[in-house]
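**Q** I have a structure here, written as structure tokens, and I will follow up with some questions on it.
No value in this document is a laboratory result; all are computed from the given coordinates. Quick caveat, the model's predicted, so the values are computed rather than measured. Cβ: placed from backbone, ideal geometry, glycine included. Neighbour counts: every protein chain shown.
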Amino acid sequence: MLSELAPAPTLRHAYIMTLLEAVGIEFHIVGRAGRGRKARTRCALARSFLVKHHLGVPTTKAFREVLLTDEAMRALCGFWKEVPSESTFSRAFAEFARKGLADLTLDHLAKKALGKSVVMHVSRDSTAVTAREKPLIKPKKESAPKGRRGCKKGVPPAPKSPTRLERQLGQAVSVALAELPIACDKGTKRNSKGHDIHWNGYKFHVDVTDQGIPISAVTTSASVHDSQVAIPLMRLTATRAMAVCYQLMDAGYAGKPIALAAEALGQIPIVAPRAYCNTPAIPLNPAQKSRFRGRTAVERFFSDLKDNRGGDSVRVRGKEKVHLHLMFGLLAILAMKLVAS
């Protein structure tokens, strides 16, 4: 009972205890091997990061103040004697990032929640993540030597190298994800009002169900186009649900390789119409329009992540740590969805 852990617990403490039990993040922590002092507080630290993102506390220093003043919250996280220092929190965070703790937890929870159910719609999108680090300076491309255009008479044209999307059709998920750029760089994206926004940092790509349950998530460089992540992301999602019927994507995911990959998985892609140079956009039929309205689920997810779960307060550097920071916010949202269902 919560009343046995600490005096004067509230309904808020009881709800947080339910969320922690629903996630069970401590069961995915690998024990330390070898000599030296045992890391006895790693489970408590992992639970603390999850509570921190659920409460929307922006910094570790501020969250330590919460633990120092709230005995019930301290007991829920698992600190019975004293609260670790900020440096201990930082070292544990770096360790969790290296070992992919949040990804292991999401894989387990998604399979547990959706492994025996049919997902009607999966909404896919990405959001800009501003980071406090310098963007990668890319080397300038060497200009090709000037000459006459076209092929020489009697000489066959040089074969074109396959694009990244075409290569992904024959690649495993791990190989396709390993080819994606992950360094901090500059990104540009058009918002819902038609204006271009620019930022330094990363992109967070997520697949979400109609109920707002995140299934898969990938972090890439800010300059990576959304379409480059679609194929590995949809294949990763397919391993965590028994079946997916429709995929809802905006116009940035238009392309024949993406449609072929979806059809190979037995899924139907519904992509927002897009006009090309001399080809007008083909509008969706009434049934597709009705289904496409459900894509707001992923937009609501990103709004909750950025407004309430720390998505707009990234203070760590490096792709691994930024990804873990975002994933703790994702797990906090997932825990609420699991408890409510």
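**Q** Strictly over 21 Å apart at the Cα level, which of LYS203/LYS289; LYS111/LYS256; LYS160/LYS186; LYS61/LYS186; LYS99/LYS319; LYS99/LYS321 would you flag in this model?
**A** Working: LYS203/LYS289 27 Å; LYS111/LYS256 29 Å; LYS160/LYS186 28 Å; LYS61/LYS186 29 Å; LYS99/LYS319 13 Å; LYS99/LYS321 11 Å.
From the list (LYS203/LYS289; LYS111/LYS256; LYS160/LYS186; LYS61/LYS186; LYS99/LYS319; LYS99/LYS321), the Cα-Cα distance tops 21 Å for LYS203/LYS289; LYS111/LYS256; LYS160/LYS186; LYS61/LYS186.
**Q** Right, next: Once R0 is set to 51 Å, what does the formula 1/(1 + (r/R0)^6) return for the Cβ-Cβ distance between MET120 and VAL155, expressed as a FRET efficiency to the nearest 0.05? Please report the intermediate quantities before stating the final value.
**A** Details: r = 53 Å, r/R0 = 1.04.
Computed FRET efficiency for MET120 and VAL155: 0.45.
**Q** By per-residue mean of other Cβ atoms within 10 Å, what is the highest-first order of 205-218, 11-24? Can you show the working numbers first?
**A** Values: 205-218: 22.5, 11-24: 16.1.
The packing order, highest mean first, is 205-218, 11-24.
**Q** Angle, helix 11-23 long axis vs. longest principal axis of the chain, Cα atoms, 0 to 90°, nearest 10?
**A** Tilt of helix 11-23: around 50 degrees.
**Q** On a 0 to 90° scale, report how tilted helix 296-308 is relative to the longest principal axis of the chain, with both axes built from alpha carbons and the result rounded to the nearest 10.
**A** 50
**Q** If each DSSP helix of 4+ residues adds -39,500 (n - 2.57) and the sum is divided by the residues in the chain, what number results at 222 nm, nearest 500 deg cm²/dmol?
**A** Working: 14 runs with 150 residues, N = 341.
So the calculated ellipticity at 222 nm is -13000 deg cm²/dmol.
**Q** Right, another one. Nearest 5 is fine: what % of DSSP beta bridges in the chain come out antiparallel, could you say? Please report the intermediate quantities before stating the final value.
**A** Working: 22 of 31 bridges.
In the chain, approximately 70 percent of DSSP beta bridges are antiparallel ones.
**Q** A further question follows. What ranking do 221-228, 85-92, 328-335 get when scored by the average of other Cβ atoms within 10 Å per residue, highest first?
**A** Working: 221-228: 20.1, 85-92: 14.6, 328-335: 24.5.
The most tightly packed comes first, giving 328-335, 221-228, 85-92.
**Q** Sort the following peptides by mean Cβ neighbour count (other Cβ atoms within 10 Å, averaged over residues), highest first: 102-115, 55-68. Working shown, then result.
**A** Numbers: 102-115: 18.7, 55-68: 15.6.
Highest to lowest by the protection proxy: 102-115, 55-68.
**Q** What length, rounded to one decimal in nm, is gained on full extension from LYS289 through to GLU179, with 0.36 nm per residue of separation minus their alpha-carbon distance? Intermediate values should be presented prior to the final figure.
**A** Working: separation 110, 0.36 × 110 = 39.60 nm, distance 3.41 nm.
Fully extending the segment from LYS289 to GLU179 adds 36.2 nm.
**Q** Among the trypsin sites (Lys or Arg not before Pro) within the range 181-233, which fall in a DSSP loop and have no more than 16 other Cβ atoms within 10 Å of their own Cβ?
**A** Values: sites: LYS186, LYS189, ARG190, LYS193, LYS203; in loops: LYS193.
Counting only loop positions with at most 16 other Cβ atoms within 10 Å, the trypsin sites (Lys or Arg not before Pro) in the range 181-233 are LYS193.
**Q** Match the structure shown to one of the listed values [x] 41; [y] 25; [z] 35 of percent of Cα pairs over 33 Å apart, computed from it, and give that label.
**A** The calculated read-out lines up with [z].
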